[in-house]
Amino acid sequence: MEVRTFPEALRAIMETNGWSQTDLARELGVSQVWVSEVSRGIKDTTVTKAVGLLARVGWEVRISPRVEDPVQRREFMAGAASVIFMPSRKTSPYQDPSYVAALADVLARNRYELGGVPLIVTAVNHVTRIEKAVVECRDPALQSAGSSLSNQAALVLYDAGRLDAADRAAVLSLELATRANDLSGQARSYEGLSRISLYRGDFSRAVVYAERGLKISDLTNSQSAALNMRLGRSLALISGQRASSRSALDRARSIGGLSPFEEAALVGDVGIGFGHLRVYREAGALLSKAAESIGQWSPLFQAQYLGRQIQTSLRAADPAFAADRMTELARALPLVTSARVNKRATEILKASAPWVRVPEVRVAREHLQSVLPPSEGEKG
């Protein structure tokens, strides 16, 4: 089956699979309204986005010239190309390493932009399908790509508060990376497992995972910085480990060669560690820097660092600054759907209650509560 337009492709996919617009929207990670408008030709999208979306449901885009004469082909390649949307010829697109790697990239970008909650179904489906694919095809390249996709699924589920499912996906990521002898994938998996354990409150296990990751040879600068940061943040929450925590956090900050996004995220995460160490001035400065710079890449990360900045300010007994940041968080919150962000906002409402008589705090609390989901806002 071949179709010539993106709206036709969406309608064909729904017809072939017996899906409703809601079903297709869930598979693509978009809204039902978006599917409705695009499938009816009311709303347009770019070819780049179409390629990424169709890959999620086993379709591919082919671009070919209308003129078949070899001499004329080059002349028409750019100006007279036609786009064909069709199902992938592979038995399962999840057996294609490049396809699986592309899914991991798309899932990461969507998490940075939207938060984990809208992507829960997609993440679970990816894990289920990659588990089946690697049983049927034990190609190391597929195992490595599957490790990357499982890791991204774990981070989605972690952000959505599905910690048991996140842990299982992260364990699968490590298992696949180990089978493929993919040291980079193993380091990435250990960092994810440390992150999940830290959020669960199992600080000792988080330390163990970070230390195992740091023992892997040939770590990239990014991996070394991230694992040292995880180690430092975990140690900060264990009694008697203050010096070791500070040392690990300082090591993380000293590592160069990071991308601007990685640098911004590291600054924010080290700031969180400093907050746990009660080094409030340094923590506040780092979190402020991270919140200001990272929004261009990730509304999710920006909301997280704003939340941490507010908590640090409240612990440092600076309600005026906390109120200013609470207003900013209230502006950022509707842009993402994250169980972690909502939980942090609820914690902020509780922590700021002692300053409710301060006019700025009272108004900021009202703003924050007004954008929280009802069940979350009522907890505060």
Pairing a residue in segment 113-126 that is under 11 Å from residue 154 (Cα atoms) with any residue that is of a type in the set (Asp, Glu) and assigned to a helix (DSSP H, G or I), where Cβ atoms lie under 8 Å and the two sit 6 or more apart in sequence or on different chains, gives 116/159
Condition set β-branched (Val, Ile, Thr) and within 21 Å of residue 111 (Cα to Cα), scope segment 319-345, selection most open to solvent (accessible area, probe 1.4 Å): answer is 337
Residue 291 touching a helix residue (DSSP H, G or I) at 6+ places or on another chain (Cβ under 6 Å) and modelled with pLDDT under 95: yes
- Answer with yes or no whether residue 139 is open to solvent by 10 Å² or more (accessible area, probe 1.4 Å) and at pLDDT below 95. yes
Filtering segment 156-187 down to residues that are within 27 Å of residue 339 (Cβ to Cβ), open to solvent by 10 Å² or more (accessible area, probe 1.4 Å) and part of a helix (DSSP H, G or I) yields 158, 163, 164, 165, 167, 168, 171, 172, 174, 175
Checked pairs for segment 273-288, first at negative phi and buried (at least 24 other Cβ atoms within 10 Å of the Cβ), second of a type in the set (S, T, N, Q) and in a helix (DSSP H, G or I), C-beta under 6 Å and 6 or more apart or across chains, list as 275/312; 283/312; 287/309
Counting only residues in segment 241-272 that are outside any helix (DSSP H, G or I) and of a type outside the set (A, V, I, L, M), the one most open to solvent (accessible area, probe 1.4 Å) is identified as 257
Looking at segment 198-218, is at least one residue open to solvent by 10 Å² or more (accessible area, probe 1.4 Å), on the phi > 0 side of the Ramachandran plot and not basic (Lys, Arg)? yes
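The values are calculated or read from the model by the stated rules, or taken from the named source; none is laboratory data. This is a predicted model, so every value here is computed, not measured. Note that each Cβ is placed from the backbone with ideal geometry, even for glycine, and that neighbours are counted across all protein chains shown. Side chains included, ligands, DNA and RNA excluded: accessible areas come from the protein's heavy atoms. Shrake-Rupley method; radii C 1.70, N 1.55, O 1.52, S 1.80 Å.
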